[in-house]
Amino acid sequence: GQVTMVVKAMRLGASDYLVKPFADEDLERAVQSALEESQTGAPAPAGAPPREVVSVNPQMMKMRELAAQVADTDVPVLILGESGVGKEVMARHIHYSSARRNEQLLKVNCAALPSELLESELFGYERGAFTGALRDKPGKFELAGRGTIFLDEIGEMSPLLQAKLLHVLQDGEFTRLGGTKPQCSSARVVTATNQRLEECVAEGTFREDLYYRLNVIRIEIPPLRERRED
């Protein structure tokens, strides 16, 4: 429980640390991760996205522990926090702490694409669905398989796509653009936003039913100015 010892251990090359009291499963997972790293014999390549949340801040350590506890569930996780606080790092931590770690983790930034392109990116399209659709294209929900889809900036998603995402969460099904055959999805959904979704719901820009579907597990990441020890 000593912050200085945790920092020293991580600097000396400790692969992980556990906060007491911890569950047997957490210890087993940490040991297995260390074994896998030692067997590969190589560290993560330079510039590779981090898989672990490294922090000595008590609040962050609680969030990290919560993420590990819910990692093996199939329920959606909503990650909140200002831009740059590490929401994607937390999403990766959830994925690589879960039984889905060997499956794909696909990220989609909902603010980076227009609504029409975002729809085809998520759900794919059939040949001839629109001008330029010369062949079938699977979307992220198909490509993810039993992996994880990380939807960043979920607050920017249009009402139409919100309805389609709600259908996927409720029924595990979606339809490609221009298609009629339902496709099944087994992917786990993790979302993130820097917006206050409760206010968006009150203003009518975000569906209330979707909000409650996404807000099953809520992880709020404090900004770095509130955890200067990191």
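The values are calculated or read from the model by the stated rules, or taken from the named source; none is laboratory data. Since we're looking at a predicted model, the values are computed, not measured. Here the Cβ positions follow ideal geometry from the backbone for every residue, glycine too, while neighbour counts run over all protein chains shown. Quick note on the areas: whole protein, heavy atoms, side chains included, nothing else; ligands and nucleic acids left out. Shrake-Rupley method; radii C 1.70, N 1.55, O 1.52, S 1.80 Å.
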How many residues of the range 99-137 are open to solvent by less than 60 Å² (accessible area, probe 1.4 Å), within 28 Å of MET63 (Cα to Cα) and out of contact with any helix residue (DSSP H, G or I) (no Cβ under 9 Å at 6 or more places or on another chain)? The answer is 1
Within the range 1-51, residues being modelled with pLDDT under 75, hydrophobic (A, V, I, L, M, F, W, C) and farther than 28 Å from ARG228 by Cβ number 1
With respect to VAL168, determine if the residue is β-branched (Val, Ile, Thr), at pLDDT 90 or above and closer than 27 Å to GLY204 by Cα. yes
Helices (runs of 4 or more DSSP H) within the range 120-230 that include 2 or more residues touching a residue at least 40 places away in the same chain (Cβ under 8 Å) and in contact with a Phe, Trp or Tyr (Cβ under 9 Å, 6 or more places away or on another chain): 140-143, 159-171, 197-203
